[in-house]
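Everything on this sheet refers to the single structure shown next.
Any read-out appearing in this document is the output of simple, stated calculations on the displayed coordinates, not a laboratory observation. Since the model is a prediction, treat every value here as computed from it, not as a measurement.
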Amino acid sequence: MDHSNHTRLLPSELTTDILDGATIYGPGDEKIGHVSHLHGAGPAATVVVDVGGFLGMGAKPVALPIQDLDFMRDEDGDVHAVTRFAKDQLKELPEHTDRPEFRA
């Protein structure tokens, strides 16, 4: 997929309602996961990405600063993001565990 023609999201669009479920692509355009949810808002937000798995089973949740993801819309209006990290690199990160009082 050529992301160069996709429209980058504005900071005001980086919300749970818009980003939830967005596909994350790594180098070489490989699908590496999906957005599970966010913690916080704006440039200080943390994005929880479910990496790997199949049909929602066996995915490992990892937390990334929102700055490590370039969110955009494709020609069909679907939101997705690109990151410099490969799937194997994200799988090496510690597993993210939610504490309900911190979930945004």
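Taking Cα pairs under 8 Å and at least six residues apart, what relative contact order does the chain come out at, in percent?
Answer for the chain is 29 percent.
Give me the orientation-averaged projected area of the Cα convex hull of the chain, in nm², one decimal.
6.5
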